[in-house]
Amino acid sequence: MTVRCELNINGGTRRILLVAKEEETIEHVALRLAAAILFFDQEPALEAGPRHPAVVDFGFFPDLLAADEAGAVGIWIECGNVATNKLAKVARRLRGARMVVLKESPEDGRRFREVIKKEIPKGEKIEIWAWPKGEFIKWANALRESSHVYGEASGRSLNLVLNEVPFCVDLISC
């Protein structure tokens with residue numbers, strides 16, 4: 001699925017294109033859109049691949065990435081399922097960067113937090129944000145190939161409209 005989306009967030013406007021990779025589900029694309037909105041003011045790269053200067057020679061890449069003023073990784077963002085091995089390696093290499101994982105539900109977020117506690121040293125620095133129960137399904141169902149979002153995003157809060165469907169959501173920190 002490819003989603004063309006016009007974002008009018010926090011008084012700024014941006015048009016984005018989210019192209020799902022072969023293995024990506026609509027839910028993963030919906031999480032990527034939410035991340036793009038939550039970090040709108042940091043102008044995240046939606047496709048941080050091998051040519052992105054912040055992750056050259058990294059070997060693996062985030063779902064979204066926001067660079068700091070020096071052009072290094074400022075925020076590494078993962079959506080949905082992510083291997084703990086990958087997160088452990090990223091956490092070791094990016095000691096000063098912020099790491100955020102978006103999950104579809106509080107249950108997924110809490111389960112993943114427990115896995116991180118067991119498998120990743122100093123994993124408490126990895127932020128896990130989860131959609132409140134039932135809200136993510138509503139979000140994913142509102143998504144269209146041509147979408148329009150307007151409203152505000154701040155921290156873990158979304159107060160906006162996606163394709164005429166209103167959302168006032170505070171993501172849960174797990």
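Brief remarks follow.
- Positive minus negative residues near ARG4 (Lys, Arg vs Asp, Glu; Cβ under 14 Å): +2
- Within the listed set GLU27, GLU69, GLU135, the residue fluctuating most in the Gaussian network model of the chain (springs between alpha-carbon atoms under 10 angstrom) is GLU69.
- Helices in the chain, meaning DSSP H runs of at least 4 residues, each add -39500 (n - 2.57). Divided by all residues, the mean residue ellipticity at 222 nm is -8000 deg cm²/dmol.
- Hits among lysines - C-alpha to C-alpha of LYS117 under 16 Å, sequence gap 8 or more where chains match: LYS86, LYS89, LYS125
- Pairs of Cα atoms nearer than 8 Å and 6+ residues apart set the relative contact order; for the chain it is 22 percent.
- Residues of type lysines that LYS138 reaches as a straight line, Cα spacing below 25 Å, ignoring anything fewer than 8 places off in the same chain: LYS21, LYS103
- Prolate/oblate/rounded label for segment 1-55 (Cα gyration tensor, a/c 1.5): oblate
- Nearest-ten-degree value, helix 84-93 long axis tilted from longest Cα axis of the chain: 70 degrees
- Ordering of 119-132, 41-54 by packing [mean C-beta count within 10 Å, highest first]: 119-132, 41-54
- Fewest-first ranking of GLU23, GLU145, GLU107, using other Cβ atoms within 10 Å as the exposure measure: GLU23, GLU145, GLU107
- Aspartates and glutamates whose Cα lies under 16 Å from that of LYS133, excluding same-chain neighbours fewer than 8 positions away: GLU27, GLU104, GLU107, ASP108, ASP170
Read-outs: derived from the displayed coordinates by stated rules, not from any lab. The model shown is predicted, which means the values in this text are computed figures rather than measured ones. Please note: Cβ atoms are built from the backbone with ideal geometry, for glycine as well, and neighbour counts cover all protein chains shown.
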